[in-house]
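Structure, as structure tokens:
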Amino acid sequence: MEYIGNKEYWDEKFSNRSDKPLSPEKSLVENINCFKKGSVLDIACGDGRNTLFLIESGFEVTGVDFSDKALARLKMFSKRSNYFVTTKQIDLSFPNSLRNVGIFDNILINHYKLNKDQLIELQNHINDDGILFVSGFGSKHKVDSKIRKEDLIQSIDFEDINNSFELFKYIENQDIRGFFVTYIFRRKKLI
Ligand SMILES: C[S@@+](CC[C@H](N)C(=O)[O-])C[C@H]1O[C@@H](n2cnc3c(N)ncnc32)[C@H](O)[C@@H]1O
């Protein structure tokens, strides 16, 4: 599945950004207390506005994205602040692309959509009681040429992960940019 744009689109977008990171996602900042202490996998991290916030909040963070321009910026921002970050260049459109990524205490997916098989696969990359935090444009967001209907997050996207994750918080927000949702899941304990 292709989310919004291809690699060239995103490389160009990141090449044209200023030399400052954007602010972290509001719902992540407001709900950081839901995260489990330890490590975070930031899926489709971009140039790392959320990765940097997570590092500042005491987490050990791995950011993955297919844009080398985005990852280079994240490394530059991290170096500037003396932060340690792990980055991996991964194209998430390939099946099993997360296979070797490791196991984390938390997984963040902000403004990116994994397909249903990839969401199921996340259970193998998160510790017991780990947090899966998914946020982005929700189903009531107005679609346009950039944000298509299939990019919007809906509860049905998560119907196959009920066995391994429990939803413990759902948030809706609306502002001038559109309609946003946040789903916060906890990995069920393996028995
Ligand atoms: C809307 S941005 C979100 C970036 C970041 N999560 C944030 O909240 O600022 C979408 C990100 O997905 C990445 N992306 C898009 N398609 C991808 C793919 N097939 N594999 C890996 N990353 C991809 C882009 O490079 C971009 O960084």
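The values are calculated or read from the model by the stated rules, or taken from the named source; none is laboratory data. Keep in mind that this is a model prediction, so the values were computed, not measured. Positions of Cβ are generated from backbone atoms using ideal geometry, with glycine treated the same way; all protein chains shown enter the neighbour counts.
Sort out which residues of the stretch 123-140 are small (G, A, S) and either more than 15 Å from the chain's Cα centre (by Cα) or within 15 Å of the ligand (Cβ to nearest atom) (or both), and write them in order of number. Steps first, answer last, please.
Pass one, the stretch 123-140, residues small (G, A, S): 130, 135-136, 138-139.
Across the stretch 123-140, the qualifying residues are S135, G136, G138, S139.
In the stretch 162-178, is there at least one residue being of a type in the set (A, V, I, L, M) and closer than 21 Å to G5 by Cα? Break it down into steps so the answer makes sense when it comes.
The initial filter retains those residues of the stretch 162-178 that are of a type in the set (A, V, I, L, M), namely 167, 171, 176.
Subsequent filtering for residues that are closer than 21 Å to G5 by Cα retains none.
Among the residues of the stretch 162-178, not one is of a type in the set (A, V, I, L, M) and closer than 21 Å to G5 by Cα, which makes the answer no.
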For the subset of the stretch 100-122 comprising residues that are within 14 Å of the ligand (Cβ to nearest atom) and part of a loop (DSSP other than H, G, I, E, B), which member is surrounded by the fewest Cβ atoms within 10 Å (Cβ to Cβ)?
N115
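Tell me the helices (runs of 4 or more DSSP H) entirely within the stretch 1-89 that contain at least 3 residues that are surrounded by 16 or more Cβ atoms within 10 Å (Cβ to Cβ). Step through it out loud before you land on a result.
Working: elements: 7-15, 26-30, 49-56, 68-80.
Result: 7-15, 49-56, 68-80.
Consider I43 carefully, then state whether it is out of contact with any helix residue (DSSP H, G or I) (no Cβ under 6 Å at 6 or more places or on another chain), near the ligand (Cβ under 9 Å from one of its atoms) and under 20 Å from V181 (Cα atoms).
For I43, the condition - out of contact with any helix residue (DSSP H, G or I) (no Cβ under 6 Å at 6 or more places or on another chain), near the ligand (Cβ under 9 Å from one of its atoms) and under 20 Å from V181 (Cα atoms) - is met.
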Could you grab me the full set of residues in the stretch 123-142 that are outside any strand (DSSP E or B) and either small (G, A, S) or touching a strand residue (DSSP E or B) at 6+ places or on another chain (Cβ under 9 Å) (or both)?
Q123, H125, S139, K140, H141, K142
Residue in the stretch 4-21 that is hydrophobic (A, V, I, L, M, F, W, C), at pLDDT below 95 and closer than 23 Å to F179 by Cα present:
yes
V134 being in contact (Cβ under 8 Å) with a residue 12 or more places away in the chain, among the β-branched types (V, I, T) and within 13 Å of L41 (Cβ to Cβ)
yes
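Could you count how many residues in the stretch 2-57 are small (G, A, S) and at negative phi? Spell out how you get there, then give the answer.
Of all residues in the stretch 2-57, those small (G, A, S) come to 5, 15, 18, 23, 27, 38-39, 44, 46, 48, 57.
Pick out the ones that are also at negative phi and you get 5, 15, 18, 23, 27, 39, 57.
Selection size over the stretch 2-57: 7.
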